[in-house]
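Right, one structure below, let's go through it.
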Amino acid sequence: MWFSLDDGLSSSWQPRSSDIEMASYVLLSHYKLNSIPEGLNLMKWLSQQRNHRGGFGSTQDTVVALQALSMFAARIGSHDTDVTIRVDIDPSTTVASFQINNENYLLHQSQQITPEESLILQVTAEGRGLALFQLNVFYNVRNKEMRRRRREAGEQEAFELYVKLVDSEVNSAHLYICTRLVYGLGLSATGMAIMEVGLLSGFSLSPVGIETNDVVKKVETQLGKVILYLDSVTTLEMCVQIPLIIEYKVAKVQEATVVIYDYYEPRRRMARAYTSQWRSSISSCSLCGDSCSQCNVNGDFIPDEAIFNASNRNSVHFSLSGFLPILLLLFIIFEL
């Protein structure tokens, strides 16, 4: 019997990567022993743990789980497949349908539904064969709530993470990041860890770069982000200094986030937000100075619409009756 121990994993509905791997190896053993009835429930459970892209939490558990699922499905699958899957919102309205047969059973099929209001979906399958049906719901959350969660360090956080931005210079800055494993997890070191450093708007990594060493094995840069591949994170604090330069000036800079997580157990993670106090309050008029035609004598920015309305106040009228506010965008994707 396999038990999961709490060792600093963030709260999530998804099981840890080691649980996925263990279940996958058990499913492979059922495949080898031809124990089909015993493996069916495990196959269903593994299928339910997949993310919206069809994989799992990490590269390692995804490889093992997909191998187990594909081999077991091939063993129990029918050679004569003819399945029709229909998605209805009421008995007379079908919003999606799929036909799976011997000619297309290896193909991935998907359909998108964009509902204008709340709805109840009824899924019906008829025919003969084996098919995997997955429903994904995508939605947006308020940005302020996400920022609040990033700032809070709950009891289950696996890492301590300290982020400090030193940006007294106008055209450059230095970001100091220190991290270590939290004591009391029963874990002395992780395997490979990833540190994703989001950059404030307008900043990029200095050409000086980040020196690799025994801990920082590799550094990659992406648009608005620097990624550090760490050999391991232990209970001893390790720090890294990231030199930054300004590529272009940005007014009212918004905060960015630093995330560190265990590569083989991504639920073991920590995130911290940081910002520049003075850059977040600076106005666009402070950046362009006298060359900005849309700034008044007080240094306030005047939008194009305000200038246009002021000069055409008696002759131009705008009607917004034809426009409706967009409150929510909801995607539902079906995956076989």
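Kindly put VAL64, VAL226 in sequence by how many other C-beta atoms sit within 10 Å of each C-beta, fewest to most. Please list the in-between numbers first.
On the way: VAL64 20, VAL226 23.
Going from least to most buried by this count: VAL64, VAL226.
Rounded to the nearest angstrom and ordered from largest down, what semi-axes does the equivalent ellipsoid of the range 30-134 get from its C-alpha gyration tensor (root of 5λ)? Please report the intermediate quantities before stating the final value.
On the way: eigenvalues 151, 67, 30 Å².
Each semi-axis is the square root of five times an eigenvalue, giving 28, 18, 12 Å.
What order, most packed first, do the peptides 42-52, 164-174, 249-259 have when packing is the mean number of other Cβ atoms within 10 Å of each residue? Mind dumping the intermediate values first?
Working: 42-52: 15.2, 164-174: 13.6, 249-259: 17.1.
Packing proxy ranking, top to bottom: 249-259, 42-52, 164-174.
Can you compute 3J(HN,Hα) from phi for each residue in the range 200-213, using the Karplus curve 6.51 cos²θ - 1.76 cosθ + 1.60 with θ = phi - 60°, rounded to whole Hz and x for Gly and Pro?
5, 4, x, 9, 8, 5, 5, x, 4, x, 10, 6, 7, 8
As an exercise, find the ratio Rg/Rh for the range 143-281 from alpha-carbon atoms, using the Kirkwood inverse-distance average for Rh. Don't skip to the end; give the middle numbers.
Details: Rg = 15.0 Å, Rh = 15.6 Å.
Using only Cα positions, Rg/Rh for the range 143-281 is 0.97.
Using only the alpha carbons of the range 82-139, determine the length spanned along each of the three principal axes and report them from longest to shortest in whole angstroms.
37, 25, 13
List every residue whose amide H lies under 5 Å from the amide H of THR81, counting only residues 5 or more places away in sequence or on a different chain, with H placed 1.01 Å from N in the peptide plane.
Result for THR81 returns ASN102.
For the range 242-251, in order, what is each residue's ³J(HN,Hα) by Karplus, 6.51 cos²θ - 1.76 cosθ + 1.60 with θ = phi - 60°, in whole Hz (x at glycine and Pro)?
Running phi through 6.51 cos²θ - 1.76 cosθ + 1.60 with θ = phi - 60° gives 10, x, 10, 10, 8, 8, 8, 7, 10, 8 Hz.
Can you pull a Stokes-Einstein diffusion coefficient for the range 17-76 at 37 °C (0.692 mPa s), Rh from Kirkwood over Cα pairs, as a whole number of µm²/s?
The estimated diffusion coefficient comes to 295 µm²/s.
Can you sort ASP61, ASP82 by how many other beta carbons sit within 10 Å, fewest first? Don't jump to the answer; show the numbers that get you there.
Numbers: ASP61 26, ASP82 14.
Fewest-to-most ranking of ASP61, ASP82: ASP82, ASP61.
Sort 90-97, 190-197, 241-248 for me by packing, meaning the mean count of neighbouring Cβ atoms within 10 Å per residue, highest on top.
Numbers: 90-97: 12.1, 190-197: 19.5, 241-248: 15.8.
Listed from highest to lowest mean packing, they are 190-197, 241-248, 90-97.
With label points built 7 Å along Cα→Cβ from the Cα atoms of SER110 and GLU211, find their separation and express it in nm.
4.5 nm
Across the Cα atoms of the range 167-238, what radius of gyration and what greatest pairwise Cα-Cα distance (Dmax) are found, in Å?
When restricted to Cα atoms, the range 167-238 yields Rg and Dmax of 14.1, 45 Å.
FYI, it's all coordinate maths here, none of it is from the lab. Quantities reported herein were computed from a predicted structural model and do not represent experimental measurements. Neighbour counts run over all protein chains shown; Cβ positions are idealised from the backbone, glycine included.
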